[in-house]
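Worksheet: one structure, shown below.
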Amino acid sequence: MSEIKKVKIRGRDGQIRWIPMDELAPGMIRVIEVSEDGHKEEELWVPGNSILPISKVKRESLPDEFRADLRKLREDVIEVFPQSIEQWEDVFKKEPNHEKELKIWKAMAGFYIDWITEHSINLLGKRREVFQVILNCTMHPPESILKVVKREYMSKMETIRLIKAYCDKYSKGYD
């Protein structure tokens, strides 16, 4: 008999507890919390809509070339991730390593475009699901993604193929 993998969660009530990974609710996100002194890291799962901003604004502005990349990125994913350019810039101003984060987002966008093109996905609902799976691949271990992504248009096998393809391509990083 295999051992049941358990994960630490913080519920909407703020309480921390351990549950089997199979019981993760859709929309849960894996986060790493760092202590105020920066020495202790703790992995736990939280409801996705409970995430607070990662930091106070770290920089006043972004370089023009970086802003141009953000505009292109926004154009690539606007139909499935509708954010204003101001929202994108605000997030990246707060990001401690904005260059690395941009590489990840550009990789996600490129993979998304290639996937929907290669698989002739025209239905907007299905495109949104594809993007949500890809986004979750950057935040979760592969074995938990099926548990946290709501699927309405994609079959389980389609989703598994997408997870495998993305994780295989970027298992060594985004460089």
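Some points to look at:
- Residue check, GLU143 over 25 Å from LYS5 (Cβ atoms) and either in contact with a His (Cβ under 8 Å, 6 or more places away or on another chain) or among the charged types (D, E, K, R) (or both): no
- Boolean, VAL91 is over 21 Å from ALA165 (Cα atoms), at pLDDT below 90 and exposed (fewer than 15 other Cβ atoms within 10 Å of the Cβ): no
- Selection status of LYS100, closer than 25 Å to ARG67 by Cβ, surrounded by fewer than 17 Cβ atoms within 10 Å (Cβ to Cβ) and either touching a strand residue (DSSP E or B) at 6+ places or on another chain (Cβ under 7 Å) or in the same structural domain as LEU73 (by TED's automatic domain parsing) (or both): yes
- Of the numbered criteria (1) in contact with a strand residue (DSSP E or B) (Cβ under 8 Å, 6 or more places away or on another chain); (2) modelled with pLDDT of 80 or more, the one GLN15 fails is (1).
- When the range 137-175 is filtered for residues that are within 22 Å of PHE81 (Cα to Cα), within 15 Å of the chain's Cα centre (by Cα) and free of Cβ contacts under 8 Å to residues at least 24 places away in the same chain, the ones remaining, listed by number, are ILE145, LEU146.
- Selected residue [under 17 Å from LYS94 (Cα atoms) and either modelled with pLDDT of 75 or more or in contact with a helix residue (DSSP H, G or I) (Cβ under 9 Å, 6 or more places away or on another chain) (or both)] from LEU44, LEU70, LEU52: LEU70
- Count of the range 64-109 residues which are aliphatic (A, V, I, L, M) and in contact (Cβ under 8 Å) with a residue 40 or more places away in the chain: 4
The values are calculated or read from the model by the stated rules, or taken from the named source; none is laboratory data. Model, not experiment: these values are computed from the prediction. For neighbour counting, all protein chains shown are included, and Cβ atoms are generated from backbone atoms with ideal geometry for every residue, glycine included.
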